[in-house]
Every structure is written in structure tokens, then in C-alpha cells.
Amino acid sequence: MVIACLALALLASSCGDDDTAEPAPSSSTTTTSTSTSTTTSTTTTTSTTTSSTTTTTTTEAPPPECVPDDAFAALDAALVDARFEPGGAWSLDVSASAFTAETADPEVWAGVLGLDCAVQATQPEAAGDRLALISWTGPRMAFVVRAGDAPDPLPNTSAVISVGFENPRGEYVRDDNSLWAGSLGSGETLVVGHLDFNLGVAAKTFSADAPPFGDAEITIEAERVGIAAAIAAGGRNVGIAQPPEFGSEEGYVMLVSRTGQILIIDVAPAGWFDPMVERYYHGESTFTEIDGVQVRVTEPGEGEGVFDGGYEVAWSCLDHEWILEPTSNGTGDEMVEFASDFIAANDC
């Protein structure tokens, strides 16, 4: 399994320096939100107990409607869990907040995360200055709240995260570690959370002076092929996940799918490995034909999938072998959908 301190700083507690790919540009924006055009796939599937055939057609979808109502509801629930007093309605007028200039521009942040929409918002009726930065694709989202007031009781100091410019101590206030609250050295209270995305990504990128993203150097042909193919399939923030091993022709490419799923692809020249043989998961395997390409879908076996989810998905295309590694967010069905988009977009 690739352990990634990579294009999106996957784990808040385990990553050091981040090598990240340049964010994909948004294709349409408004003054309060950002959006990126996406592609949808329509599939027709006929299956037996061991195999199925899928035909894929792709059509251009309109940009998503970036209405923040559900995002604001998620923020309210997070602040309740973090023990803040209610702050009233959210406003998109952030001009009065002292935190605005120090916080990433929403359009930039959406591009960094590879998500469709983003806004900054304040709660004018709160006891102190509160600025929220939130980005989302459908129900999947990441968010940060910077607050001049504090929760009661205060967060404990049992959990350390990295926010790029310091490593504050605080508390995971949800059992699944999807919401963290603590204090920065400046005295402000910080709340960082996500819904089926990644807390470490949000924590390391919300600041206006977060280091700019840059592309890691391509050193082998498989990386070049992998990046181009992932982009063709609609991947965002596509870049190198980690350098290849010495003497190896196998590359590792990281991306965010159009649904906001963080994916890592192992890619190597034809024959370097057998994509029909399990690598990470060793549970039940199903062999599916998508647009004439055989695809292996393997579920986690006993004791597997504790820290990762989804499936292991593999196929051959472009004279290369491909494996989608088990992922940190999303579902196995999303991974199969991405494989279907990949095969159609790259004329496999």
C-alpha cells in the first residue's frame, strides 16, 4: 500500500512534507461559490454470479449548483458537537471578519481539494468573530471554522494535528475522528472536519499562506502515461503519489475523482504485474467486462479493510497494467465507476 505524504497530504497524523499536484482549474464560478464541470456515466449491466458486461457512454453534465444550505447545516452540527453556543444564520458577507485575509480563497481551496463548490461565511450573531471555509461535492465535504470565541468546556489537548504553520493540540470530538477542535498559538479556536473526505487535507490547506502546490518530477514512463490517462478520465489534482522504487518501472498516481473520492493508481508497463492477481485485498474477486476490458474487483478479506475501504480494482489498458488501491474515503462502487470512466475515456 502506498503510504502517501502526497498530492493531498492524506493523513493528518502521518504525513510530513507534502508534494502536491497543481489544482485543476474551476470551469465556472460565482461570487459566493465555485464549481467544476463534471462528466456523468450511464451504465447498463448484465451480470451472472461470476461476471458481467457493462457498456458505458459519457455525456457532458452541467456545472453543479453550489447552493450552500446543506453545507451550513453540516457546519451547525459540527459546532454543536464541538460545544459552541449557537451562532445564528450564516452570511456570505465576510468583509467584517478579521480572519478573512488569513484564510484561503474559496475558489482556490475548491481547486486544491478537487471538489466542486466552496464558500466563506460568517455568523454575525455569534458571541465572537467566526469565519467558516467549506468545500463540497454533493454530500462529501471538508470544512474549517476559525473562531474568536471558545467552546464550553474547552477542548482537551489529547490530539495533535498539523495545520502547516503550527501543530496545535486539541480534541477529536467525534468518535470517527472526523471532527477536531483546538486552539492556535494566536488564541483563536479552530474547528476542522469532513464528511467522507479527509481531515488532514483540510487542516493543511485552509490558510491563505499555505505553500503553493507543485508537480513532483516525472521520472518514468508509467508516471507520464498514468497522469495523462487519469486526467482524461476526469481526475482532478492528478499527480505523483510517491517516487518509484529504485530500478522499478511501476509508478503511483494520485487523484481526486469527479465525485470527490481520493484515489491512488498503481501503473506499470504490460507484464510488469498481473492485474488479475490480488495485491492489497484477498477476499472474493469478481471479474467484470467493461467495454470489452476485463476488470478484477476484489473485496477485503478477513481482517482487511480496517483502515481502508472500497475495493481493489484492476485492469489492462494503453499497454499498461492498472490497480486502484483501496481508498480512504468513498465506496467500492465509486471505484468501479471511475474504472468505467477511465476505460471509456482512454479507448481501452
Next item on the list: Please identify the pairs in which a residue from segment 263-276 that is more than 10 Å from residue 249 (Cβ to Cβ) has its Cβ atom under 6 Å from the Cβ atom of a residue that is outside any strand (DSSP E or B) and open to solvent by 20 Å² or more (accessible area, probe 1.4 Å), counting only partners at least 6 apart or on another chain.
Entry: 270/319
Notebook entry, point to check: Given (1) open to solvent by 40 Å² or more (accessible area, probe 1.4 Å); (2) touching a Lys or Arg at 6+ places or on another chain (Cβ under 6 Å); (3) touching a residue at least 40 places away in the same chain (Cβ under 8 Å), where does residue 208 come up short, assuming only one miss?
Noted result: (2)
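Would you pick out the residues in segment 132-161 that are of a type in the set (Gly, Ala, Ser), closer than 22 Å to residue 86 by Cβ and touching a helix residue (DSSP H, G or I) at 6+ places or on another chain (Cβ under 9 Å)?
132, 147 - these are the residues of segment 132-161 that are of a type in the set (Gly, Ala, Ser), closer than 22 Å to residue 86 by Cβ and touching a helix residue (DSSP H, G or I) at 6+ places or on another chain (Cβ under 9 Å).
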Margin query: Taking the conditions exactly as written (closer than 16 Å to residue 199 by Cβ, open to solvent by less than 20 Å² (accessible area, probe 1.4 Å), of a type outside the set (D, E, K, R) and more than 19 Å from the chain's Cα centre (by Cα)), does residue 126 satisfy them or not?
Written below: no
Notebook entry, point to check: In segment 253-268, how many residues are open to solvent by less than 10 Å² (accessible area, probe 1.4 Å), of a type outside the set (Gly, Ala, Ser) and not in a strand (DSSP E or B)?
Noted result: 1
Next item on the list: Just name the residue that is most open to solvent (accessible area, probe 1.4 Å) out of those in segment 292-305 that are assigned to a strand (DSSP E or B) and farther than 12 Å from residue 337 by Cα.
Entry: 294
Note to self: I'd like the full set of residues that are within 11 Å of residue 123 (Cα to Cα) and among the small types (Gly, Ala, Ser), limited to segment 79-96.
What the structure shows: 87, 88, 89, 91, 96
Next item on the list: Starting from residues that are closer than 20 Å to residue 262 by Cβ and in a strand (DSSP E or B), keep the ones in segment 306-324 and report whichever is most open to solvent (accessible area, probe 1.4 Å).
Entry: 309
Next item on the list: Among the numbered conditions (1) touching a helix residue (DSSP H, G or I) at 6+ places or on another chain (Cβ under 8 Å); (2) part of a strand (DSSP E or B); (3) open to solvent by less than 10 Å² (accessible area, probe 1.4 Å); (4) more than 30 Å from residue 70 (Cα to Cα), tell me where residue 240 comes up short.
Entry: (3)
Item checked: Residues within segment 158-214 that are polar (S, T, N, Q) and within 25 Å of residue 97 (Cα to Cα), tallied -> 7
Margin query: Could you check segment 220-232 and list, in sequence order, the residues that are open to solvent by 10 Å² or more (accessible area, probe 1.4 Å), touching a residue at least 40 places away in the same chain (Cβ under 8 Å) and either closer than 19 Å to residue 273 by Cα or not in a helix (DSSP H, G or I) (or both)?
Written below: 221, 225
Next item on the list: Filter segment 243-252 for residues that are within 23 Å of the chain's Cα centre (by Cα) and open to solvent by 50 Å² or more (accessible area, probe 1.4 Å) and give the result.
Entry: 243
Notebook entry, point to check: Residues of segment 90-119 being within 17 Å of residue 148 (Cα to Cα), open to solvent by 20 Å² or more (accessible area, probe 1.4 Å), out of contact with any Gly (no Cβ under 9 Å at 6 or more places or on another chain) and not charged (D, E, K, R), which ones?
Noted result: 90, 91, 94, 95, 96, 100, 101
Note to self: Out of 99, 165, 84, I need the residue that is at pLDDT below 95 and under 17 Å from residue 190 (Cβ atoms). Which one?
What the structure shows: 165
Item checked: Residue count for segment 162-175, restricted to those that are more than 17 Å from residue 83 (Cα to Cα) and of a type in the set (A, V, I, L, M) -> 1
Note to self: Restricting to segment 144-203, name every residue that is surrounded by 17 or more Cβ atoms within 10 Å (Cβ to Cβ) and acidic (Asp, Glu).
What the structure shows: 171, 188, 196
Checklist line | Filter result (touching a Gly at 6+ places or on another chain (Cβ under 7 Å) and of a type in the set (A, V, I, L, M)) within segment 120-160 | finding: 126, 147, 159
Checklist line | Candidate set: segment 327-345, residues that are open to solvent by less than 10 Å² (accessible area, probe 1.4 Å) and either of a type in the set (Asp, Glu) or not in a helix (DSSP H, G or I) (or both); chosen: the one nearest to residue 141 (Cα to Cα) | finding: 329
Note to self: For segment 131-147: of the residues being out of contact with any Leu (no Cβ under 8 Å at 6 or more places or on another chain) and at pLDDT 95 or above, which is farthest from residue 231 (Cα to Cα)?
What the structure shows: 131
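The values are calculated or read from the model by the stated rules, or taken from the named source; none is laboratory data. None of these values were measured; they are calculated from a predicted model. FYI the Cβ positions are ideal-geometry reconstructions off the backbone, even for glycines, and counts take in every protein chain you see. Areas reflect the complete protein model, heavy atoms only, side chains present, ligands, DNA and RNA absent. Shrake-Rupley method; radii C 1.70, N 1.55, O 1.52, S 1.80 Å.
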